[in-house]
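Q: A single structure is presented below for examination.
The values are calculated or read from the model by the stated rules, or taken from the named source; none is laboratory data. Source: prediction; values computed, not measured. Ideal geometry is used to build each Cβ from the backbone, glycine not excepted, and the neighbour counts take in all protein chains shown.
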Amino acid sequence: MPGMTRAFETITLGMDDGIATITLNRPDKLNAFNKAMMEELVGAFDATDADDDVRCVIVTGAGRGFCAGADLSGGAATFDYDKRGGWNGAESPVGADGSVDYSHPAVRDGGGILALRIFASKKPVIGAINGPAVGIGATMTLPMDFRLASDAARFGFVFARRGIVAEASSSWFLPRLVGIGQALEWCYSGRVFGAEEALKGGLVRSLHAPDDLLPAARALAKELTGDSAPVSVSLLRKMMWTGLGMAHPMEAHRIESRAIWSRGASGDAAEGVASFLEKREPVFPDRVSAAWPDFADWFDDPPYR
């Protein structure tokens, strides 16, 4: 891909024309998720946040799969985090008396660490789901702003069929996206379903022929960000996602008032009005890294690592 690239082992990251593309890159394993992939995806989103040239992020998979779920090569102990040493390699949370310290870092779900990092992204995120997306392969897409799918894609929230439960903060995200009834149906049954059902259920925005998927995702990224002020888009992402947890519209009024006050005096606001009056395309001067407002500690997320 033209533009800046950064090397990883389980993913690739490229940037072209303001759009970063993160590709899950274990095609021989259907891009199965492991600790290395979790850490590299977190690092990729750190990189896209830090790069002011990135306007939008697309996440897709190499080969015929998006992500087949957790790498099960560890056998029956795949989900036994204590036997595996946890996602962060910390010491065991199990005491000498057999009691478990559930607040210990080693207890944390690796999928949740990734989901919280995507949730905290300062750039819009689009999932281009090119094939099977099962387990963490499905739940990692939930904090993305939009999900586009190949008509060959398949989805599954298969946790109950593996003897575990929802992860990657999906018990928060999924009901908000598709409604509680649909979320429970998919999670209780654990069945794998096709792209048409995902579209009907509200999980994905649109379906595309396999060769048209990435072009459609890039076209959407351009439509979302091509004529918009990057700082405004970044703040809007935070305001909308955080607003899902607000208890009263007064909370939205408070943060909107601060944002309007802050951005109203910005170079972006002056350029937005001037370009409209002069009937020309805007050239917004502000950068996300330098113009993030001082009231934005209101958005502070719990640490994802």
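Q: Since I164 meets every condition but one in (1) modelled with pLDDT of 95 or more; (2) over 17 Å from the mean Cα position of the chain (by Cα), which condition does it not meet?
A: Going through the list (1) modelled with pLDDT of 95 or more; (2) over 17 Å from the mean Cα position of the chain (by Cα), I164 breaks only (1).
Q: Please go through the range 21-37 and pick out each residue that is closer than 10 Å to R64 by Cα and aliphatic (A, V, I, L, M).
A: Result: L30, single match.
Q: Just checking, which of R263, R258 is touching a helix residue (DSSP H, G or I) at 6+ places or on another chain (Cβ under 8 Å), over 27 Å from G69 (Cα atoms) and either among the β-branched types (V, I, T) or free of Cβ contacts under 8 Å to residues at least 40 places away in the same chain (or both)?
A: Working: R258 fails: either among the β-branched types (V, I, T) or free of Cβ contacts under 8 Å to residues at least 40 places away in the same chain (or both).
Selected residue: R263, the only one of R263, R258 that is touching a helix residue (DSSP H, G or I) at 6+ places or on another chain (Cβ under 8 Å), over 27 Å from G69 (Cα atoms) and either among the β-branched types (V, I, T) or free of Cβ contacts under 8 Å to residues at least 40 places away in the same chain (or both).
Q: Under 8 Å by Cβ, and 6 or more places apart or on different chains, what pairs join a residue from the range 223-238 that is under 13 Å from V125 (Cβ atoms) with one that is of a type in the set (F, W, Y)?
A: Short answer, once both residue conditions are applied: S234/W292; K238/F299.
Q: Consider R55 carefully, then state whether it is charged (D, E, K, R), buried (at least 23 other Cβ atoms within 10 Å of the Cβ), within 28 Å of A209 (Cα to Cα) and touching a residue at least 60 places away in the same chain (Cβ under 8 Å). Outline the logic, then answer.
A: Working: charged (D, E, K, R): yes; buried (at least 23 other Cβ atoms within 10 Å of the Cβ): yes; within 28 Å of A209 (Cα to Cα): yes; touching a residue at least 60 places away in the same chain (Cβ under 8 Å): yes.
For R55, the condition - charged (D, E, K, R), buried (at least 23 other Cβ atoms within 10 Å of the Cβ), within 28 Å of A209 (Cα to Cα) and touching a residue at least 60 places away in the same chain (Cβ under 8 Å) - is met.
Q: Restricting to the range 144-172, name every residue that is buried (at least 16 other Cβ atoms within 10 Å of the Cβ), in a loop (DSSP other than H, G, I, E, B) and not hydroxyl-bearing (S, T, Y).
A: M144, D145, A152, A153, F157, V158, A166, E167, A168
Q: In the range 173-224, what residues are among the hydroxyl-bearing types (S, T, Y) and either outside any helix (DSSP H, G or I) or outside the structural domain of G112 (by TED's automatic domain parsing) (or both)?
A: Taking the range 173-224 as the starting set, the residues that turn out to be among the hydroxyl-bearing types (S, T, Y) are 188-189, 206.
Within the range 173-224, just S206 meets the criteria.
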